[in-house]
Amino acid sequence: MNLKTFPIFLFLFTNLLIGQTSKIKPLEWNVSQYDVTWDSPSKNALGSMPLGNGDIGVNVWVENNGDLILLLGKSDSFDEFNRLLKIGRIRIKTNPSVFTEGQSFSQRLNLSDGSIEIKTATSKIRIWVDVNNPLVQVNFESNTAIDAKVIVENWRNESREFKTVGNLKESFSAWGNWPDKMRVNADTFLPSKEGQLAWCHHNIESQWKRNLELTGLGNEIVKGKDPVLNRTFGALVRGTNFKAISDTEIQTKTGSKAFSVQIFSLTNQSENAQDWLKATEKLAKNVKSSSETRFLAHKNWWHQFWNRSKIEITSSNAGDSNPFMVSRAYNLQRFVTACAGRGNLPIKFNGSLFTVDGIDPDYRSWGGGYWWQNTRLPYWSMLACGDYDMMLPIFDMYMKALPLRKAATIKYYGHEGAFFPETIYFWGNYMDNENYGIDRKDKPDGLTDNTYIRYYWQSGIEMVALMLDYYDATQSQEFLSKTLVPFATEIIKFYDQHWKRGTDGKILFDPSQSLETWHTAINPTPEIVGIRFIGNRLIHLTKDSSLKEQWQKTINDLPKVPMITENGATRLLPAEKFSNKMNIENPELYAVFPYRAYTSLSDEKTLEIGRNTWQKRLHPEDYGWQQNCIQAALLGLKEEAQKMVVSRANKTAKEYRFPGFFGPNYDWTPEQCHATNMMTALQYMIMQCEGDKIVLLPAWSNNWNVNFKLNAPKNTIIEGRVENGKIKELKVFPGSRRKDIVIKGL
């Protein structure tokens, strides 16, 4: 479910669920074995646990003095300078304190119901972010009457220029911005009311119009609405039996053994803060059911989520602790993904909603843009999980940007189709300074200053591949006709029309590059294999003869896949010609993933070429956005894949207390590329699918046992149990798909 209609759709959805809460879906497996429990408070935000409902994320921790801290983020809280800001930080103090040194303490993340439970000698606290409503709920229970105070702590209390602290430059968190826009604007606090606080960040300026003018697309301004100007985001805090004592604090009227705090969050485009407040108060008013009723509906959603799929690894060797560690990393990352994956905009690769460290909680390296190389990786892992609802935000963002990309293609190159840059603002255009370049003297429209992305347009092809897998899984005819075919048509049209044909009549990809690594290339392998991979699949999905003809023509016009044979071994090359190496990717292995043309499901000769390529790859390292673990699994390299997923699971963020936070590798913590690549690798180790074929255990080592439930194409669910190298149990739904299953490897 995409939360872009949060204020309307989710309230209707909640009303439907209220009648179902007496029928809670039981959990089919013990995900609670991966719960995280701490027996002491935390020093600071580095000791926080994550929660979220897909749109609102919150870091939760208790400090040594007993204060409960909530740090809120939201998927669409972009400020004037394209930074994804936090909503704010809330401190809840009690008198007497719920915890004093020497007392018992427990803080537990309950994965099964998406909540955090804190227990002390005197109190019990439950925090959850309602999956059906835009609010954080905090419930306190105490053995004796206590007083409480809720304080909003704001670090954006005045407008200021960016600063540098130690080796951190705040400007880095606004990567791509204009040099004269390196600042932070202040939040607005609304006058407090009885038991209520509210504040927001209201965008009083925008770089959208300036961005379109810079990139030669000023004519498109009248066709769209500025998505930045007047974007307003914030929170409204209410407490039962509370009174306001200032615009940033409320406190209980009298001591009580039980009280609750609700934090509502909304992003919209309002003319002013007062209009935003009215909309947020209306949103809060529509939440009429009790906390208990809503929590049952919330719990039911999480049970359904965990019942979609599972990977639960144990060892056939009693001394091997790696299986539990890998399983925990897999399931904690899936939880973190779910906490941020149903919002208006895609998951931010560089910290998601859970950044806490830096100059302030808003800081994240590499800024607020979406980098395809990084952003895509959580979405590949969602397919086998059956988390299809979480894939909708990325499809939505790219589809909304398609008209602008078509206009850019005509403006820059004078032909049809659409291309997508590697790094984009959320409205789909080049980032300004470090990418496109703000000094345009003697430069043609469309030529970027940044050579890393100058001809790096892979995102369009790979997005089609991702959409194809989504369609294969869901069989949604509406998605096929309204999203996949329209998007794919423009992408293939671009590649068909953009380059001239060579003397052999084939497309001559020149000038071009091979990913970010080889900045000068002719006929790069990712383009050739990628277009063939998506084109051959698309042809079978449409009855439109003219589209079939166009797509087949483009496929026929592709040059040969670049290869070389040395000492009798044939392998893939990054391109036919390539030079000017600047990064550490293995572009030739895009033929293995994401474009599964040379895998263990291929014929023996093709697989041999894939494995030869793997053995000669320049960059064997495997962390962050690197894909070696996935490619090893797809090549059926059991030992290599297993070693790599173990290594990834071990590489947690060492300064952070929560074991499901990873990084920083190339990005920012908690990094979303690293563990989601591990997830995808594990899935491919267990199951690989092409066409109607479902191959089980193509890269699974027999020293690990596993219980799994994975989603395959055509709404198929495969559930199995493997022990000591043998499948002990196998369930297939629908049963008609059992005939398509091949068991390989054990």
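Mind checking the dipole of the chain: about its Cα centre, +1 per Lys or Arg Cβ, -1 per Asp or Glu Cβ, Debye to the nearest 20? Charge dipole, the chain, about its Cα centre: 1340 debye, nearest 20. Computed from backbone phi, the HN-Hα couplings of the range 587-603 come to x, 4, 7, 4, 5, 9, 8, x, 9, 7, 9, 10, 9, 5, 8, 7, 5 Hz, rounded to whole numbers (Karplus: 6.51 cos²θ - 1.76 cosθ + 1.60, θ = phi - 60°; Gly and Pro given as x). Rounded to the nearest 0.05, what FRET efficiency do T314 and K553 have when you use their Cβ-Cβ distance and R0 = 51 Å? Efficiency, rounded to the nearest 0.05: 0.45.
Full extension of the chain between T570 and S701 yields a length gain of 44.4 nm, computed as 0.36 nm times the residue separation minus the alpha carbon distance.
Here the relative contact order of the chain, from alpha carbon pairs under 8 Å that lie six or more residues apart, stands at 13 percent. Can you grab the distance from the C-alpha centre of the range 208-261 to the C-alpha centre of the range 30-103, Å, no decimals? First find each Cα centre; the distance between them is then 19 Å.
In the distance distribution for the range 479-545, Cα-Cα pairs more than 18 Å apart total 45 percent. Against the set (1) 28.1; (2) 26.9; (3) 38.4, the structure's computed Kirkwood radius over Cα pairs in Å falls on (2). For R238, the shell of other residues with beta-carbons less than 15 Å away shows a net charge of +3, using +1 for Lys and Arg and -1 for Asp and Glu. Here the range 657-746 is treated with +1 on each Lys and Arg Cβ and -1 on each Asp and Glu Cβ, and its dipole about the Cα centre works out to around 440 debye.
In the range 23-99, Rg over Rh equals 1.08, where Rg is the alpha-carbon radius of gyration and Rh the Kirkwood radius from pairwise Cα distances.
The loop-placed trypsin sites (Lys or Arg not before Pro) in the range 277-345, going by DSSP, that have at most 14 neighbouring Cβ atoms within 10 Å of their Cβ come out as K288. Each part reduced to its alpha carbon centroid, the range 161-190 and the range 523-585 end up 42 Å apart. Taking 20 Å as the cut-off, the amide N atoms of the range 174-211 that come nearer than this to a point 7 Å along the Cα-to-beta-carbon line of K441 belong to 178-180. Compared with the dominant principal axis of the Cα atoms in the chain, helix 638-650 is inclined by about 30°.
Once each of the GluC sites (Glu not before Pro) sitting in a DSSP loop with at most 14 other beta-carbon atoms within 10 Å is removed, the chain keeps 272-620 as its longest stretch.
Listed cross-link partners K299/K651; K548/K616; K643/K726; K124/K654; K209/K400 are compared with a 27 Å cut-off, the Cα-Cα value being larger for K299/K651; K548/K616; K124/K654. Considering only P378, L572, S246, the residue lying farthest towards the positive end of the dipole of the chain is P378, judged by Cα position with unit charges set on Cβ.
For a straight C-alpha distance cut-off of 16 angstrom, the aspartates and glutamates reachable from K441 (same-chain residues fewer than eight places away being disregarded) are E213, D432, D449.
Sort the range 37-288 into rounded, prolate or oblate with this rule: let a ≥ b ≥ c be the square roots of the eigenvalues of the Cα gyration tensor; rounded if a/c is under 1.5, and if a/c is not under 1.5, prolate when a/b is larger than b/c, oblate otherwise. Because a/c hits 1.5 or more and a/b exceeds b/c, the range 37-288 counts as prolate.
Helix 604-615 and the longest principal axis of the Cα set of the chain meet at an angle near 60°.
For the pair S246 and E608, the difference between a 0.36 nm per residue extended length and the Cα-Cα distance amounts to 123.3 nm.
Ranking N707, G530, I555 by how far each Cα lies toward the positive end of the dipole of the chain (charges on Cβ) leaves N707 at the top. For the cross-link pairs K25/K693; K709/K739; K482/K543; K310/K714; K223/K411, the ones whose C-alpha atoms lie over 22 Å apart are K25/K693. Taking the C-alpha atoms only, the angle from helix 545-556 to the longest principal axis of the chain is near 70 degrees. Relative contact order of the range 37-288: 18 percent, from C-alpha pairs under 8 Å at least 6 residues apart in sequence. Over all projection directions, the Cα-based convex hull of the range 121-234 averages an area of 12.6 nm². Would you mind counting up the charge near Y388? Only other residues with Cβ under 12 Å from its Cβ, with Lys and Arg at +1 and Asp and Glu at -1. Charge balance near Y388 sits at -2. When the P(r) of the range 428-468 is calculated, the portion above 14 Å amounts to 53% of the C-alpha pairs. With the charge dipole of the chain set up from +1 on Lys and Arg Cβ and -1 on Asp and Glu Cβ about the Cα centre, the Cα lying farthest toward the positive end among the listed residues G414, M678, I87 is that of M678.
Distance between the C-alpha centres of the range 692-712 and the range 271-333: 26 Å, rounded to the whole angstrom. A cut-off under 9 angstrom between Cβ atoms defines the neighbours of E63, and their net charge, with Lys, Arg +1 and Asp, Glu -1, is +1.
Values quoted throughout were computed directly from the atomic coordinates according to the rules given, and no laboratory measurement underlies them. Since the model is a prediction, treat every value here as computed from it, not as a measurement. When we count neighbours, we look across all protein chains shown, and the Cβ atoms used for this are built from the backbone with ideal geometry, even at glycine.
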